[in-house]
Structures are given as C-alpha cells and as structure tokens.
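See structure below.
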Amino acid sequence: MTPTWTDLFSGAGGSSEGLTQAGHHVAVAANHWPTAVATHEKNHPDTEHRIANLSEVDWRSFPTTFGLWASPSCVWHARSGGRKQPPAELERLRADAGSVDRATAFAVIAAAEVHQYEAVIVENVPEFQAWSLYPWWLDGMRALGYREQIAIIDAADLGAAQRRVRYFAVFTRHGAVDLTLPGLAPKPASTILDENPGKPVTRRLYVADQLEQITERNVPHLVTYRRNAKARRADQHPLATITAGGNHHGVATLTEDGYRFRMLTNRECARGQGFPDSYEFHGKTDEVKKQIGNAVSVDVARWLGTRVAASLTVAA
C-alpha cells in the first residue's frame, strides 16, 4: 500500500516533492502563505490544500494519514538573521514574535495526538535543539508513545549540489528507521548552472577580492556575498546554503577579455534544492526566491521517505 502523508508548513513543496519521488502520496498539505500554497497546488494537484494558521486549527478536520511531515518555522531559531540565543528565563516569559514563531512546533504534538501517525518527520535548523522548550517538546512526543531518532543531515551528503545542514527528527511508535547515510559525493554546482558567464565587470564589486583569486581562465567559480568568502571552482564544489534572501550566490569567470559575473537565477537555486525544471513556481521573482530558499531539500525528503518505507510496516 502506498504510504500517505500530511505535510504541514509545506511551503512550495520541497518535502512533498521528495516524498512523491520516493513513491509516497501526500494526501493533504497546509501552509499559511497563499502564494506558496498556489505553487504547491500547481505541482501536486492530487493533494488536498489548506491555507491555515496551524497553531489554531482543529486537527479533527484533517484526514488521518500514515505519516506526518512538519517543517515548523525556523526563523527565530536560525542564526542567519544575526539573532543570539536569549537566556532561558527570558525566552519563557516574553510574548514577542520570536516566542510565537518558535511555538509553531507544538502543532506537531497536537496533530500527532489526534491522528496517531505511524511516523512523524520534523525538519528545522540545528539550533532548534537549543530552544528552551525543546526538552518539553520531545517529552510531549514521547508521551504519545513515540521514540525519536535525531539526525543532522547535510543535503550534499545525499548527492545534492548544495551544502544545507538541517535537523531532522524521525518519530516512530513501532520499530526504528535506518538513518545510515549512503556516503554519496556532493554534486558540483556546475551540474545545475546554465551556460551563461554573465556580463563584463565594469565596476568594483563587493566580491572583487574573490574575483582576484580566480586564476584559471574560462572556468566558472562560485563567489558569495559573505565576509571572508573565497572563490571556489563550480566544477569542484557545491553551492553554499540557499536562503530565502537568495541574493548572495554569484558566478564569476575569468575570460580572455576580463572578468564576467552574474547572480544565480531562481531556476538554478531551485535545482540546487532538488526541484526538477518542470516544477512551476507562482509569485513575483522575490516571492519565488523566498519559496525556494525556505524549501526542504527534495533530495533529503526523498531519502527519508525511502528509509521510512523500508523500515516500517505501512498501516492498512
């Protein structure tokens, strides 16, 4: 029997696409952003779609499925925005946007209590484990009869063309899942780049120091708008982590006529996340960029879906 899944905080559908590629069926997907839901619906028309604040829904209105995939917001856990971890007492007491955002993880417990899924997969940033309520959250899942397996997985280690380190918790009630990584080599970024060297460099760029590190002619190099970054050959290295801002990846090439440079396109970033070129995105350019950067790596979701199916008996 084909495993069925509920995908919460589904975004544009990286997790759903991965599960689908693993041979599973995503029965229902829910997210608060209509634009991302429109993208998901375009590419997964056989899935029921809901636009909802998942901290306030009645979980009895959702269908019961074999598994639950949830990617609660990571904005106030991640360090990419320059935020520092607050003291535990302060974090518990304050009622700001950050604490509300972090609490979206409790929707996982609420949904699991109602539906008693055979498997639950939660994706977030590694800093999620530093959340002051993280032990309580784990205890909540344990109280429902789940045992957890925690894995920090880099998408590049599963053959992706991107370095993307994320936290994954796999909860099961019957049996364990083999999460031994297959040891695949990362794909170099050149496998997802278009053959476009960019425009001639006519002014000094922020990445000028990186351009000056390039000595091989006609070899695309990855440059990033990050302090102390180094130019890296695109045929030897994957991309750095693709983010919702998406504006820090560039490609530079030293030609006979000097340097050429361009930023990565949304389609190239989507390939780095594992989306096929047939995947269609709704929204304006910056909205598409945000959807791609917020997505779950398709490569990782596919692998986890395959491992769950191999390790557990699907409920009839």
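Per residue of the chain, what 222 nm ellipticity follows from adding -39500 (n - 2.57) for every DSSP H run with n ≥ 4, rounded to the nearest 500?
Counting only the DSSP helices, I get -7500 deg cm²/dmol.
Between Asp46 and Arg233, what length in nm is gained on full extension when 0.36 nm per residue of separation is reduced by their alpha carbon distance?
Length gained between Asp46 and Arg233: 63.2 nm.
Using Cα pairs under 8 angstrom and six or more residues apart, how large is the relative contact order of segment 195-264, in percent?
Once normalised by length, the contact order is 39 percent.
Specify the residue with the greatest mean-square fluctuation among Gln236, Gln162, Gln21, computed from a Gaussian network of the chain linking alpha-carbon atoms under 10 Å apart.
Gln236
Of the residues Ser61, Ser15, Ser71, which exhibits the maximal mean-square fluctuation in a Gaussian network model of the chain defined by a 10 Å Cα contact cut-off?
Top of the fluctuation ranking is Ser61.
Over the chain, consider all pairs of different Cα atoms and compute the Kirkwood hydrodynamic radius from their mean reciprocal separation; express it in Å, one decimal.
Taking the inverse mean of 1/r over all distinct Cα pairs, the chain comes out at 20.6 Å.
May I ask for the angle, rounded to the nearest 10°, between helix 106-115 and the longest principal axis of the chain, with both axes built from Cα atoms and the value confined to 0 to 90°?
Computed tilt is about 50 degrees.
Angle, helix 34-43 long axis vs. longest principal axis of the chain, Cα atoms, 0 to 90°, nearest 10?
90
Please provide three numbers in whole Å: the alpha-carbon extents of segment 174-223 along the principal axes, with the largest listed first.
Largest first, segment 174-223 extends 62, 22, 19 Å along its Cα principal axes.
Under a Cβ-only charge scheme (Lys and Arg +1, Asp and Glu -1), can you give me the dipole magnitude of the chain about the Cα centre, in debye to the nearest 20?
Rounded to the nearest 20 debye, it is 880 debye.
GNM, the chain, Cα, under 10 Å: largest mean-square fluctuation among Gly67, Gly305, Gly145?
Among Gly67, Gly305, Gly145, the largest mean-square fluctuation in the Gaussian network model of the chain belongs to Gly145.
What base-10 log of the normalised intensity I(q)/I(0) is obtained for segment 195-264 from the Debye formula, alpha carbons as equal point scatterers, at q = 0.25, 0.28 Å⁻¹?
Results for segment 195-264 at q = 0.25, 0.28 Å⁻¹ read -1.20, -1.49.
So for the pair Arg203, Ser61, with labels modelled 7 Å out along Cα→Cβ, what separation do we get in nm?
In this crude spin-label approximation the distance works out to 5.1 nm.
For helix 285-294, what angle does its Cα long axis make with the longest principal axis of the chain, in degrees from 0 to 90 and rounded to 10?
The helix 285-294 is inclined about 60 degrees to the chain.
To the nearest 20 Debye, how big is the dipole of segment 195-264 about its Cα centre, given +1 on the beta carbon of each Lys and Arg and -1 on that of each Asp and Glu?
For this selection, approximately 300 debye.
Under 8 Å for C-alpha pairs, at least 6 residues apart: give me the relative contact order for the chain, rounded to a whole percent.
Normalised by residue count, the contact order of the chain is 21 percent.
If you place +1 on the Cβ of every Lys and Arg and -1 on the Cβ of every Asp and Glu, how big does the dipole about the Cα centre of segment 206-316 come out, in debye to the nearest 20?
About 300 debye.
All of the numbers you see were taken from the coordinates with simple rules; none came from a lab. This is a predicted model, so every value here is computed, not measured. Cβ: placed from backbone, ideal geometry, glycine included. Neighbour counts: every protein chain shown.
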